[in-house]
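Heads up: the structure comes next, in structure tokens.
Coordinate-derived values only; no laboratory data. Quantities reported herein were computed from a predicted structural model and do not represent experimental measurements. Positions of Cβ are backbone-derived with ideal geometry, glycine not excepted, and every protein chain shown enters the neighbour counts.
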Amino acid sequence: MVTENTEPRLAAVVRHLFPAFAGLPLGPLLTLSLRSLAGRQPRLFDRLGEHRTACYFIDPIDLAFAFAVVPDGERSIVRVVRKNEAAASSVLIRGPILTLLSVLDGTLDGDALFFSRIISISGRTEAVLALRNTIEDAELRPADLLGLRGALARLADTGILGALSVMRQMADRNSRRKAPEA
Amino acid sequence: MTSGRMELVCPAGTPATLRAAVQAGADAVYCGFRDETNARNFPGLNFSAAELAEGVRYAHDHGSKVMVAINTFARVNDVDLWKKAADTAAECGANAIIAADIAVLDHVAKNHGPTRLHLSVQAAAATPEAIGFYASRFGVRRVVLPRVLSVQEITALNRLIDVETEAFVFGGLCVMIEGRCYLSSYATGKSPNLNGVCSPPEMVTYDDEANSTVARLSGFTIDRYEPGEPVGYPTLCKGRFTASGKTSYLFEDPVSLNAGGMIAGLKAAGVTALKIEGRQRGRGYVTEVVRAFRKAVDAVEQGGDAIEIDRILAGQSEGARQTAGAYNKKWR
Amino acid sequence: MSGIALTLGPVFFHWSPDRLSDFYRRIADEAPIDRVHVGEVVCGKRMPFSDPAWPEIIERLERAGKQVVLSTLAAPATVRERRSVEDLCTDERLVEVNDVTALPSRSGKPFVTGPFLNVYNEASAQYLIELGAQTICPPVELSLAAVGGMAGACPGAEFEVFVFGRLPLALSGRCYHARIHGLHKDSCQFTCEKDPDGLAVETLDDQPFLAVNGVQTLSNQMQAFCPAPTDLTSKGVGRIRLSPHTCDMVEVAKTYKSLLDGIEDPKGARFVLSCLDLPGSLVDGYFHGKPGRRTLTEK
């Protein structure tokens, strides 16, 4: 099994990526990021329409916790929650953290991932679709979510996207090793 | 009809995808407004008037055209909403309006002379008589061909008409004649003609049952998947059903259209433009597909052979099964 | 007396010439219907079988005082099919247009628009009325309110609604009867003849859902809309259409006639229909602006 030797390395990279988060409460931080994004790009959230007030339960299967997100523009809320708290949500999205991040930055196609079952979705399908189309149009960079600007933003984007790309290649190599020769 | 270079017409569900399609080499991009006036009325998709105006500017700055699909059928007592959409598209500088409803076609013909009028696939005009009707009555300049014609039939058709033809080459495939299918409203109350949606997402459920995941639409079981098996979107006509004691993909297998291998044939058949389906798809997907088809079309224009075209398009399968659809007569 | 007229729509299924002759003989002699559509609508490949039977059927119906309407193909494709549409359009009788293909040759002469022609709003209806449309039978997915909206805005035509029969939901370039039997459309062996009401299609969970008839897909369930006559007159509907099935269509026609004449109430009419040998359960959702599969009228 390849997962044994990649997982600790991935976790290390993830930890390395978000050193600033150490000791900071992730929920409030992401809430503020999302609200500040709404302040900068209000049109972005228009796309969600009535689904702005939906609660999206986002469950990265390789992390110990999940997120409950209400993407209501400047009234957005992100909470870090336990994995068993999905019941109150309108939508449940579950998948590997790297894959979820790749959907966010537009590298990977949400549809393809869903149909291949790498990401699983349940609940109100129309709310998922609205979110996915909104993310598609947003052309988000990591810095947008972190609320960074200027040189710092470029640094963050290059660093994070670069690291993501490296991790994806690693994961890809591993999965290719698994695939039969053909 | 034409001996010029074939035009590559590409989908855009959002402004970001429009820019991606233009950058990837689209000669023209088609899109719609964020309401029921277009046939991809999905949550979070499509353009506001301001976004369209910006999109048109961007496309024109980069040498591409923009076509606006106003291709559903106007609702009784609400025809003005469709007329207004056409007015807005014209004001935004769209190069063409793609329409199917006689009311919309008539309005554009009478009020927006300079804007090209294209007949949407939703009008399903497949004969010289039908196409002639739309051309002579409304000045339609191009017909998007229904996906029921073989390449031979397109060749024969092009000899009998004097408007341009546009043919789908890639993406989702309607098995039924477009614009004349009410399967979706029968099950869900919403349909392409009435609401611009087929098998609407709010009616879709994926239920985990003993050893399988069941995809249902409005309570009707459309397909059932083993654990780990790739699932599909429960589009009515791509489901598994039982008839005569046999269970099968009765209408169509869950395949998508790929007529990449027929680009040269379609050119020889006199087709002016090639269309890629997928306004509901992401910009990553659109970029990749448009880039590949750009190369393929350029190769065909330069006389490239079939092997070269196949190689260019080899990556465009997404793991899903594909068909050349009705272009190949055996499909019927 | 409501003043609402009864139409018998075209037969969608591949019935043998003998079955067609027997069917229309009974309609001519016994059914209280004033307008009868004849002709093949679904598949041009069936025409060589039925064509020889039509002249006698038409003669018989007209002798019985019925107005005969010549229905044309909903999806003509081949040269022969296109020519048949054009030929029918030259006839002095009323013609039913089921595809835009017929419009150039029929414009200026009176016609009926059938449920296969996309007439969704008052502006399209008015455009077609100016070309010669006298009766408009809009697509089956429209609600009674929508039809009423068109009728109110277009006094120049009579509006007709599809009240009885499996609902025509889709057409395709592909023949499903052939596909089910492992054949291609071009060499189909006319297996659709075995299913005179269409072949039932069920979901993987055994839910009755659709029915196939060659290139056509219908509902499994039977449209059986039984309104009070005032519900129709208030919406400006002047005509209702019954679609032929193998059940006792004379009885169906008599039931609707009684309903329109106020002799039978909607509940009673619906009960009588449910007693017949029908291929599916009764639905009427479309008229109420709901999914077509639903039943909103109480039994």
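Miscellaneous remarks
- Nearest-0.05 FRET efficiency for C:Arg83 and B:Asp310, computed from C-beta distance (R0 51 Å): 0.80
- Note on the protein assembly as shown: dipole from Cβ charges, positive end direction compared against B:Val29, C:Thr255, C:Gly285; the farthest Cα belongs to B:Val29.
- Set the Cα radius of gyration of the stretch B:168-225 against 2.2 N^0.38 Å, with N its number of residues, and you get 1.28.
- Gap separating the Cα centres of the stretch C:43-121 and the stretch C:216-270, nearest whole Å: 24
- In chain B, taking the dipole from charged Cβ atoms about the Cα centre, the farthest positive-side position among B:Asn195, B:Val231, B:Ala99 is held by B:Ala99.
- The value given for the stretch C:211-299 is a Kirkwood hydrodynamic radius of 13.7 Å, derived from the mean inverse Cα-Cα separation.
- Since only B:Tyr206, B:Asn41, B:Ile312 are under comparison, the one whose Cα sits farthest along the positive direction of the charge dipole of chain B, derived from C-beta charges on Lys, Arg, Asp and Glu, is B:Ile312.
- Considering only B:Ile98, B:Ile177, B:Ile131, the mean-square fluctuation computed in a Gaussian network model of chain B, springs between alpha carbons under 10 angstrom, is largest for B:Ile177.
- Between the amide H of C:Asp34 and those of C:Leu6, distances stay under 5 Å, these residues lying 5 or more places away or on another chain, with hydrogens modeled in the peptide plane.
- Spherically averaged projected area in nm², based on the convex hull that wraps the Cα atoms of the protein assembly as shown: 34.8
- Inter-probe distance in nm under a simple model that places probes 7 Å from Cα toward Cβ, at B:Asp87 and B:Arg159: 4.6
- Working note: Debye formula, equal point scatterers on the alpha-carbon atoms of the stretch B:68-108, no solvent; log10 I(q)/I(0) at q = 0.24, 0.35 Å⁻¹ is -0.70, -1.35.
- Evaluating 6.51 cos²θ - 1.76 cosθ + 1.60 at θ = phi - 60° for every residue in the stretch C:231-239, the Karplus couplings come out as 4, 7, 5, 5, 9, x, 7, x, 7 Hz, glycine and proline recorded as x.
- Segment C:Lys267-C:Glu62, length gained on full extension (0.36 nm per residue, minus Cα span): 70.5 nm
- Between the amide H of B:Ala12 and those of B:Tyr30, distances stay under 5 Å, these residues lying 5 or more places away or on another chain, with hydrogens modeled in the peptide plane.
- Compactness of the stretch C:143-299 was expressed as the Cα radius of gyration divided by 2.2 N^0.38 Å, which yields 1.14.
- Taking 7 Å steps out from each Cα toward its Cβ at B:Ser248 and B:Asp207 produces label points 2.7 nm apart.
- The phi torsions of the stretch A:34-44, fed into the Karplus equation with coefficients 6.51, -1.76 and 1.60 and a -60° offset, translate into couplings of 5, 5, 6, 4, 5, x, 7, 10, x, 5, 3 Hz, rounded to whole numbers, with Gly and Pro shown as x.
- Shielding value for B:123-132 is 6, the average number of Cβ atoms from other chains within 10 Å of each residue's Cβ.
- Here the 3J(HN,Hα) profile of the stretch A:91-103, calculated from phi with Karplus coefficients 6.51, -1.76 and 1.60 at θ = phi - 60°, is 9, 10, 10, 10, x, x, 4, 4, 5, 4, 5, 5, 5 Hz, Gly and Pro shown as x.
- Label reach from B:Arg5 (point 7 Å along Cα→C-beta): in the stretch B:26-56, amide nitrogens under 17 Å belong to B:26-29.
- Residue mean of other protein chain beta carbons inside 10 Å, A:117-130: 5
- Gained length - B:Arg321 relative to B:His60, 0.36 nm times residue gap less alpha-carbon distance: 90.4 nm
- Candidates per trypsin sites (Lys or Arg not before Pro) in the stretch B:1-77, loop by DSSP, up to 16 other Cβ within 10 Å: B:Arg5
- Whole-Å semi-axes of the ellipsoid equivalent to chain C (Cα gyration tensor, √5λ, descending): 26, 24, 20
- Taking the Cα centre of the stretch C:100-197 as reference, the dipole from Cβ charges on Lys and Arg (+1) and Asp and Glu (-1) amounts to some 320 debye.
- Charge dipole (debye, nearest 20) of the stretch B:120-233; +1 at Cβ of Lys and Arg, -1 at Cβ of Asp and Glu: 580
- Distant-in-sequence amide H partners of B:Leu250 (H built 1.01 Å from N, under 5 Å): B:Phe241
- Only DSSP H runs of four or more residues enter the estimate; each adds -39500 (n - 2.57), and after division by the residues of chain C the mean residue ellipticity at 222 nm equals -9000 deg cm²/dmol.
- Residue of B:Asn111, B:Asn195, B:Asn77 that the Gaussian network model of chain B assigns the largest fluctuation, springs spanning Cα pairs under 10 Å: B:Asn77
- Taking trypsin sites (Lys or Arg not before Pro) across the stretch C:64-143, the ones in a DSSP loop with at most 16 further Cβ atoms lying within 10 angstrom of their Cβ are C:Arg93.
- Expressed as a fraction of 2.2 N^0.38 Å, the C-alpha radius of gyration for the stretch C:125-203 is 1.55.
- Over chain B, equivalent-ellipsoid semi-axes from the Cα gyration tensor in Å: 30, 25, 20
- Residue with peak Gaussian network fluctuation, chain C [Cα springs, cutoff 10 Å], from C:Pro229, C:Pro55, C:Pro266: C:Pro55
- Summarising the strand pairing of chain C, around 35 percent of its internal DSSP beta bridges are antiparallel.
- Separation in nanometres of the label points that stand 7 Å from Cα toward Cβ, at B:Asn77 and B:Asn328: 5.0
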